[in-house]
1. Look through region 5-28, keep the residues that are under 14 Å from Leu125 (Cβ atoms) and small (Gly, Ala, Ser), and return whichever of them is nearest to the chain's Cα centre (by Cα).
2. Please count how many residues of region 1-19 are of a type outside the set (Gly, Ala, Ser) and part of a loop (DSSP other than H, G, I, E, B).
3. Mind listing whichever residues of region 20-54 are part of a helix (DSSP H, G or I) and polar (S, T, N, Q)?
4. Of the residues that sit in region 81-110 and are aliphatic (A, V, I, L, M) and free of Cβ contacts under 8 Å to residues at least 24 places away in the same chain, which one is surrounded by the most Cβ atoms within 10 Å (Cβ to Cβ)?
5. Confirm whether Ser120 is polar (S, T, N, Q), surrounded by 17 or more Cβ atoms within 10 Å (Cβ to Cβ) and part of a helix (DSSP H, G or I).
6. So, in region 125-148, exactly how many residues are surrounded by 12 or more Cβ atoms within 10 Å (Cβ to Cβ) and more than 16 Å from the chain's Cα centre (by Cα)?
7. Taking only region 29-75 into account, find how many residues are closer than 26 Å to Arg123 by Cβ, surrounded by 15 or more Cβ atoms within 10 Å (Cβ to Cβ) and over 14 Å from the mean Cα position of the chain (by Cα).
Amino acid sequence: MARTRWLDDDEMRAWRGFIEVTGQLNIKLEADLNSQGLTSGDYQVLVYLSEADDGRLRMCDLADSLNLSPSGLTRRLDGLVRKGMVSRERNDADRRVMMAVLTPKGRDRIVAAAPHHVASVRRHLIDRLDERQIRQLGQIFESLRREG
């Protein structure tokens, strides 16, 4: 059995800080989105669809982007479909493929909520860091994203 490589003081400080701050940050951002009538999950879906060509994404691609299983995506979309912000449609080119489609109501919702969300991100994260820290944070997360 391999010997455990325990975290040193700096590594532990970084790890504990990450765990505590991301939890707190998620709670604050979620509360601010809730005031706009959305969950962070809803908002993510609307963002990805609003950035897609014609506001349409294959369900499997959207699930991958959101790190959800197909059934998890179905559950996530159910509320948005009920609220008329997203629809599910068959792909014209391949009828076996289902598409998630941003509706005009969904586009209006993301346009209305985005300024509030950006203000929340600024208040709770961006404006609390200097330019160097923001660049470093971006580099850190790019490295972690590449590692997968």
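1. So the residue we want is Gly23.
2. Initially, region 1-19 is screened for residues of a type outside the set (Gly, Ala, Ser), giving 1, 3-13, 15-16, 18-19.
Still in the running and part of a loop (DSSP other than H, G, I, E, B): 1, 3-8.
Residues flagged as of a type outside the set (Gly, Ala, Ser) and part of a loop (DSSP other than H, G, I, E, B) within region 1-19 amount to 7.
3. If the condition is that a residue be part of a helix (DSSP H, G or I) and polar (S, T, N, Q), then Thr22, Gln24, Asn26, Asn34, Ser40, Gln44, Ser50 are the ones that fit.
4. Keep residues of region 81-110 that are aliphatic (A, V, I, L, M), which gives 81, 85-86, 93, 97-102, 110.
Checking which are free of Cβ contacts under 8 Å to residues at least 24 places away in the same chain leaves us with 81, 93.
Numbers: Val81: 16, Ala93: 6.
It comes out as Val81.
5. Judged against the criteria, Ser120 is a match.
6. Going residue by residue through region 125-148, those that are surrounded by 12 or more Cβ atoms within 10 Å (Cβ to Cβ) are 125-126, 129, 134, 136-137, 140.
Those left that are additionally more than 16 Å from the chain's Cα centre (by Cα): 126, 129, 134, 136-137, 140.
Residues in region 125-148 being surrounded by 12 or more Cβ atoms within 10 Å (Cβ to Cβ) and more than 16 Å from the chain's Cα centre (by Cα): 6 in total.
7. Total satisfying the criteria: 2.
One line per residue, one yes/no per condition, for (1) within 21 Å of Asp64 (Cβ to Cβ); (2) at pLDDT below 95; (3) assigned to a helix (DSSP H, G or I); (4) out of contact with any strand residue (DSSP E or B) (no Cβ under 7 Å at 6 or more places or on another chain):
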| position | (1), (2), (3), (4) |
| --- | --- |
| Leu77 | yes, no, yes, no |
| Ser87 | yes, no, no, no |
| Gly106 | yes, no, yes, no |
| Ala112 | no, no, yes, yes |
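The values are calculated or read from the model by the stated rules, or taken from the named source; none is laboratory data. Because the structure is a prediction, the values reported are computed rather than measured. Quick reminder, even Gly has a Cβ in these numbers, built from the backbone with ideal geometry, and neighbours come from all protein chains shown.
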